[in-house]
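The values are calculated or read from the model by the stated rules, or taken from the named source; none is laboratory data. For clarity, every value in this text was computed on a predicted model and none was experimentally measured. All Cβ positions, glycine included, derive from the backbone under ideal geometry; neighbour counts span all protein chains shown. Just the protein is used for accessible areas: all its heavy atoms, side chains included, with ligands, DNA and RNA removed. Shrake-Rupley method; radii C 1.70, N 1.55, O 1.52, S 1.80 Å.
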Amino acid sequence: MSRLSIRNVGKTFPGLRGKPSTQALQPVSLEVADNDFITVLGPSGCGKSTLLRLVAGLETPSEGQILLDGQPVYEPGADRGVVFQSYTLFPWLTVRQNICFGLREKNMPAAQQREISEHFIEKVRLRGFEDHYPKQLSGGMQQRVAIARALANDPKILLLDEPFGALDNQTRVLMQELLLGIWESARKTVLFVTHDIDEAIFMASRVAVFSARPGRIKADVPVNLPHPRHYTMKTTPEFMELKARLTEEIRAETLASAEH
Ligand code: ADP
């Protein structure tokens with residue numbers, strides 16, 4: 001079981017060298033239930049990454065509280081697996097060593113580390129690349145290692161910040177299907193930040209739509225599309241209907257931020 005409660009969490013960054021402070025996030029509340037796949041959708045600069053970094057424990061809220069299974073979050077922890085848009089693998093470690101990094105930190109016996117890494121190498125389809133170094137991999141492959149590394153620690157929740165944002169469109173679609181496939185079988189609780197409307201709908205069980213900065217959740221939209229999902233679903237009337245609604249919501253916010 002893992003339940004994330006974001007309760008009236010706001011964030012204001014102090015201004016440096018006499019500059020005015022920046023309110024990145026108005027107080028937002030979001031309940032993420034066990035096995036939920038929530039996408040956080042909003043225009044650029046609305047505070048999505050800030051919210052994710054707060055849940056990751058990389059930033060401290062200016063107000064409100066974040067609870068994971070009832071325990072307050074105040075620093076990063078192995079119970080939250082994080083994947084960022086930029087490639088964050090350790091360049092001096094191989095694919096397998098990257099995946100095992102957290103397990104080694106926990107002093108897990110080598111045989112068990114091997115078993116877990118084998119499982120995830122298979123899951124993210126990197127068989128044959130176990131001994132490669134990050135610089136020998138494409139961007140999509142590096143993100144697959146990052147996902148495997150996060151999942152290998154068996155976190156309570158997976159936090160992803162535009163994880164496919166730097167990939168070309170074809171690779172991005174393949175990665176979406178791969179991550180969904182893993183979620184459909186492993187049933188993790190996921191919080192996924194994106195500014196891409198198609199991606200937000202395709203991946204989610206619920207879309208939390210953000211307003212322009214300072215962000216607040218202006219709509220919480222359930223996505224009742226069946227699983228397993230295949231990219232061809234993006235042309236179904238149900239998908240298009242959701243897309244039209246969310247496009248309107250985001251357009252209003254993008255216009256609002258352009259007027260600031
Ligand atoms: P998004 O992920 O939706 O693009 P961010 O959460 O990255 O938005 O940023 C929201 C706002 O907060 C932006 O105006 C950004 O410049 C500001 N911001 C983010 N991080 C910091 C920081 N460490 N210090 C000052 N301002 C920041």
Conditions (1) in contact with a helix residue (DSSP H, G or I) (Cβ under 6 Å, 6 or more places away or on another chain); (2) within 14 Å of the ligand (Cβ to nearest atom); number of the one not met by residue 216: (1)
Filtered residues of the range 234-260 (kept if without any contact (Cβ under 8 Å) to a residue 12 or more places away in the chain and closer than 20 Å to residue 213 by Cβ): 248, 251, 252, 255, 258, 259
Odd one out for residue 229, checked against (1) open to solvent by 10 Å² or more (accessible area, probe 1.4 Å); (2) free of Cβ contacts under 8 Å to residues at least 60 places away in the same chain; (3) out of contact with any helix residue (DSSP H, G or I) (no Cβ under 6 Å at 6 or more places or on another chain): (3)
Residue tally, condition under 21 Å from residue 187 (Cβ atoms), modelled with pLDDT under 95 and surrounded by fewer than 17 Cβ atoms within 10 Å (Cβ to Cβ), over the range 114-164: 4
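Residue-by-condition table, conditions (1) free of Cβ contacts under 8 Å to residues at least 24 places away in the same chain; (2) closer than 20 Å to residue 204 by Cα; (3) open to solvent by less than 60 Å² (accessible area, probe 1.4 Å):
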residue	(1), (2), (3)
4	no, yes, yes
63	no, no, no
77	yes, no, yes
82	no, yes, yes
Yes/no for residue 117 being out of contact with any strand residue (DSSP E or B) (no Cβ under 7 Å at 6 or more places or on another chain), part of a helix (DSSP H, G or I) and either within 16 Å of the ligand (Cβ to nearest atom) or not aliphatic (A, V, I, L, M) (or both): yes
Candidates 207, 190, 221 - the one that is in contact with a strand residue (DSSP E or B) (Cβ under 7 Å, 6 or more places away or on another chain), β-branched (Val, Ile, Thr), assigned to a strand (DSSP E or B) and under 15 Å from residue 175 (Cβ atoms): 190
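Residue-by-condition table, conditions (1) within 16 Å of the ligand (Cβ to nearest atom); (2) in a loop (DSSP other than H, G, I, E, B); (3) of a type in the set (Gly, Ala, Ser):
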site	(1), (2), (3)
163	yes, yes, no
166	yes, yes, yes
173	no, no, no
177	no, no, no
183	no, no, no
199	yes, no, no
212	yes, yes, yes
